[in-house]
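What follows is a single structure, written as structure tokens, with notes after it.
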Amino acid sequence: MKKMLSLAAMFAVLSYASPASAELKISGDAATRVRGQFNNSDIGGVKTTNSDDIKYQYRVRLKTAADLGDGYFFKALIANEETTNGGTPGWSTVGATNTEKFQLEVSNFYFGRTLEKCHYQIGRLPLNSFNNPIFDLTLYPVPTAFNNTTGVYAVDVPVFQWNFDRVYGMNYGTKVGNGELNGTLVILDNNSATENTVATGDGLFNDGYLLHLSYKTTIGDVTVEPQALITLTDAQGATYQKISPNTFGANATIPAGKSKIGLSGFYTVCKDSKGFTPPTVTSVTTADPVTHVVSTATTTILNPASVDYSGYLLRAKAESGPVMGWIDYNRTVDKSPANHLTYNNIFVWAQYKVNVHESALGSVSLTPTVRYRASGKDTEGISGTERNNQLRTELWASVTF
């Protein structure tokens, strides 16, 4: 709480700086929600209902923006990025006797310049991944875990939640024809800390670099945005390391009176004969029989793997007034293990937003929300589908300011 108050005081001082200084505008939002979470699985013929729970959660986000003149700008988002408290990224869950902590951190920041026909910016850039699943499919084509409730899947907007909807990179956009062409160089990781070793990569520039290309234009009343996400060097994935996946597809938005329909389709593919699964780390603790000094020796064993997977994600979305919902279908075939695995995910997000108060100064709203994921895993040569499903019912109370 002291940290939050210190940040607020700092922003207040900056926002009333001298006329010679840039004006810092502060906005943000705060929300509480009550979540009912219900999980069930069927693994190896054993059906389990587990982790049925109700959670009370909250979050606060502060947004800052500064106009530096002549098109130059600075923007930042101050938010919570913890994942340990209640297992919900960015949200704090009420703990025992209210002893939980909610800390604010710099989530994203970027600065650059906007001109009449182009712009450029650098920093921790926001992705808008809540409405654009290309990074979801690229980073989570294979679930990080399947038979427990902590797994992260390509659906349920994982990049928005688990990666906090930002990447570090450099972006340039310019008008081309009737649309805008954008290119972003993304630095995904700093894996190559030492040159020419098996553990960290080969070469000075073997950190994880991605290139995100998009072109947004209109055809009649329809807005289309074809995209490509190309891995330039080996990157560290959530399930596999030292891999170079590539993803292609497009988003489309179709107006329908006062409503709109969104369609998305993306395909990803990765074939790397020199990839790795996560390393096996073992620790052995021993005590010297004479001095009784305790020491721990850690051994890291690399697990080479020939990585071969492909998958796609399809989304149909509808928005009409206070109602918004979409359905995702993701299918990924992973030929990397000895027994090939096929993952199928169906996901539904539906919400209804009730505006309690709305003015130029801010808003207050209530939003009942339902999120449902049905996941299946098929193993080559083994009959029967393993299943892992999750239902979340939520009631959000939010303010913007």
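If you filter region 292-401 for GluC sites (Glu not before Pro), then keep DSSP loop positions with at most 13 other Cβ within 10 Å, what is left?
Values: sites: Glu319, Glu358, Glu380, Glu386, Glu394; in loops: Glu380.
Within region 292-401, the qualifying GluC sites (Glu not before Pro) (loop, at most 13 other Cβ atoms within 10 Å) are Glu380.
Once you charge only the Cβ atoms, +1 for Lys and Arg and -1 for Asp and Glu, what is the size of the charge dipole of region 248-401 about its Cα centre, to the nearest 20 debye? All intermediate terms of the calculation are to be shown ahead of the outcome.
Values: 14 positive and 11 negative charges, 111 e Å.
I would put it at about 540 debye.
Using Cα positions and a limit of under 30 Å, work out the lysines in reach of Lys260, with same-chain residues fewer than 8 apart set aside.
Straight-distance partners of Lys260: Lys63, Lys75, Lys117, Lys175, Lys216, Lys317, Lys353.
Tell me which aspartates and glutamates have Cα within less than 13 Å of Lys242's Cα, excluding those fewer than 8 residues away on the same chain?
Leaving aside aspartates and glutamates fewer than 8 places away in the same chain, those within reach of Lys242 are Asp189, Asp202, Asp207, Asp234, Asp272, Asp308.
How far is the Cα center of region 324-357 from the Cα center of region 274-296, in Å?
If we compute the Cα centre of each part, the gap is 39 Å.
Rounded to a whole number, what % of the accessible area of the chain do carbon and sulfur atoms account for, probe 1.4 Å? Show your work: numbers first, answer last.
Values: 12480 of 21110 Å².
With neighbouring chains kept in place, the figure for the chain is 59 percent.
Considering only protein heavy atoms, what per residue accessible area in square angstrom results for the chain with a 1.4 angstrom probe?
Values: 21110 Å² over 401 residues.
Averaged over the residues of the chain, the accessible area is 53 Å².
Under a Cβ-only charge scheme (Lys and Arg +1, Asp and Glu -1), can you give me the dipole magnitude of the chain about the Cα centre, in debye to the nearest 20? Walk me through the numbers on the way to the answer.
On the way: 33 positive and 34 negative charges, 179 e Å.
Using only the charged Cβ atoms, the result is roughly 860 debye.
Taking the Cα centre of the chain as the origin and placing charges on Cβ (Lys, Arg +1; Asp, Glu -1), which of Asn39, Tyr343, Gly384 is farthest toward the positive end of the dipole?
The Cα lying farthest towards the positive end belongs to Asn39.
With n ≥ 4 as the cut-off for DSSP H runs, can you work out [θ] at 222 nm for the chain, using -39500 (n - 2.57) per run divided by the number of residues, rounded to the nearest 500? Don't skip to the answer; put the middle values down first.
Working: 3 runs with 25 residues, N = 401.
Calculated at 222 nm, the ellipticity per residue is -1500 deg cm²/dmol.
Which entry is the computed Rg and Dmax of the Cα atoms in Å for this structure: (i) 20.8, 69; (ii) 23.4, 83; (iii) 22.4, 79?
(ii)
The values are calculated or read from the model by the stated rules, or taken from the named source; none is laboratory data. Just so we're clear, the structure is a prediction, and the values are computed from it rather than from any experiment. Cβ atoms come from the backbone with ideal geometry, glycine included; neighbour counts cover every protein chain shown. Just so you know, the surface numbers come from the protein's heavy atoms only, side chains and all, with ligands and any DNA or RNA stripped out. Shrake-Rupley method; radii C 1.70, N 1.55, O 1.52, S 1.80 Å.
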